[in-house]
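**Q** Dropping a structure here in structure tokens format, bear with me for questions.
Just so it is clear, none of the values below were taken in a lab; they were calculated from the coordinates. No experiment lies behind these values; they were computed from the predicted model shown. Counting neighbours? That spans all protein chains shown, and the Cβs are built from the backbone with ideal geometry, glycine included.
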Amino acid sequence: MAKVKSKKSKYISYLLRIIVAAGALYLTFRGENLAKIANVLLGINFWIFAASLVTWFLSQVVFVARWCLLMRAQSIHIGFWPAFNLNLLGIFYNNCLPTAIGGDLVRAWYVTNHTDKKLEAALSVLVDRAIGLAGTVIMAFCCYWLIPVDRQKERLIFSFNLNLSQIWNEHKWILAAIGIAFVLSLLAFISNAKGRNLLRKAFRLVDEKGKIFLHKISNAIRIYCSKIFTLILALLLTFLCQSIFIFGMWLVGREIGIDVPMKYYFVFFPIAWVVGSLPISIGALGIWEGTLKLLFGKVAVGLDEQVLALASYHRILWLIGSLPGVVIHLLGAHLPKDFFVDRNKSID
């Protein structure tokens, strides 16, 4: 009976994420000319497409180099290509599966098979993500304030004067649905016997192994804090990683007629990625697109179809980049070479 309730809770979670994604897509593309968006996408020059794909690949190479740097700070030596395979598998889970298991959790889980320092390896994923988010926010902030814009009409002023009552009146049904969905998810977890058992086990685990766990965590954090140059280099690699990919998006934007200063690409895409990191949709479906439409709409007035084409291309590029993760999973390339040998020995 508990297993049946657990499956129901899991399906409810999937359903809610699908509903959020569908709602975000509807709000983003409502009233737009879908045929024109498709024509813009199909009209992209092949060499621009190839160049943007190369920039995506290079950005992931830099991303994995940053992660390897952080692991080596903890004396965890995993080859670059095994780490690259784990990254691609994580991207596949993030973008293609309607699951609550994010790509970072997948990386953190499988990287423990490559080393005896399991907790430190899993922590490296968390630190990697934290530095990535911090670098993304810093990049958007610095590019907005420090890069000048020559043309007055293309200067963007962010306004934080929010009319909450107006927002509620315009979107009250959507906001109410999100609130109800959150409450139902919480109630489903608490009312589920397996959910309650998980809470009990979590408290028991904290009570039994909390001191050892906290000691390892504090030691790992102390090592990171003692290696300031490593953290600075990781932050610089974040800037490089994001810049390479954003440059590819700028090439595509120019190709389809979004003639705005490059500065805004370096502001808007990081903001969209930070917003999309909230685990409320499937691979940030509808969230990336809606955020980019809202932001580019401030400086690319009258180019909604082109902006949505750019946002859709951004999605397509990530989906293409996710496909190798399927092959890696099927071939078991995310596991160490001796994984199955050691497992068979332990069974014998």
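**Q** Using a cut-off of 11 Å between beta-carbons, work out the net charge of the residues near L69 (Lys and Arg +1, Asp and Glu -1, L69 not included).
**A** Numbers: positive: R66, R72, K227; negative: D128.
Summing Lys/Arg as +1 and Asp/Glu as -1 gives +2.
**Q** Now for a separate question. At 7 Å along the Cα-to-beta-carbon direction for both T230 and A176, put a label point, then send me their distance in nm to one decimal.
**A** 5.3
**Q** For A38 paired with K194, estimate the spin-label separation in nm (one decimal), with each label point 7 Å from Cα along the Cα-to-Cβ line.
**A** The two pseudo-label positions are separated by 4.0 nm.
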